[in-house]
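Bear in mind these aren't lab numbers, they're just calculated from the coordinates by the rules spelled out. In this text the structure is predicted, and so the values were computed from the model without any measurement. Cβ placement follows ideal geometry from the backbone for every residue including glycine, while neighbour counts extend to all protein chains displayed.
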Amino acid sequence: MPVRKVDPEKAILERAEKMWRDDGRPAGRLSEYLERARELQAIIDNPTAGQLPNPMAVHHGEIVPEQPIEEAELQENLGEFPGLLTDQGDHLQAPMTKRKARRSADKA
């Protein structure tokens with residue numbers, strides 16, 4: 001018996017139409033079901049794709065900052081971006097950093 005080749009696009013379209021019919025044939029949304037069927041077919045074609053190593057994790061956590069960055073320092077370094085209710089010279093109040101707290105304690 002000869003092996004019958006299945007056209008992948010036809011199989012995707014049939015799956016999309018079946019899902020669309022099963023959901024009550026929502027008007028104007030067949031293209032959404034077609035996209036879902038394509039994604040499902042991609043998962044079937046590449047079942048181990050989610051197990052590939054993360055290309056962004058090249059250093060595996062080897063790079064560690066010398067000191068943790070405080071949230072207050074981050075706020076200070078944002079620069080001056082006046083909001084809708086502020087003037088150009090106004091600054092947003094940020095919590096005092098540990099460095100500034102030490103300086104003010106040394107001065108007192």
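Just subtract the alpha-carbon distance of Lys10 and Glu39 from 0.36 nm times their residue separation and send over the number in nm, one decimal. Kindly include the intermediate steps, with their values, before the conclusion.
Values: separation 29, 0.36 × 29 = 10.44 nm, distance 1.45 nm.
So the chain would gain 9.0 nm between Lys10 and Glu39.
Starting from one equal scatterer on each C-alpha and no solvent at all, send me the Debye-based log10 I(q)/I(0) for the stretch 8-48 at q = 0.14, 0.33 Å⁻¹, two decimals.
Relative scattering, expressed as log10 I(q)/I(0), comes to -0.29, -1.09.
Between Asn46 and Lys107, with labels modelled 7 Å along Cα→Cβ, what's the label distance in nm to one decimal, could you check?
Result for the modelled spin labels: 5.8 nm.
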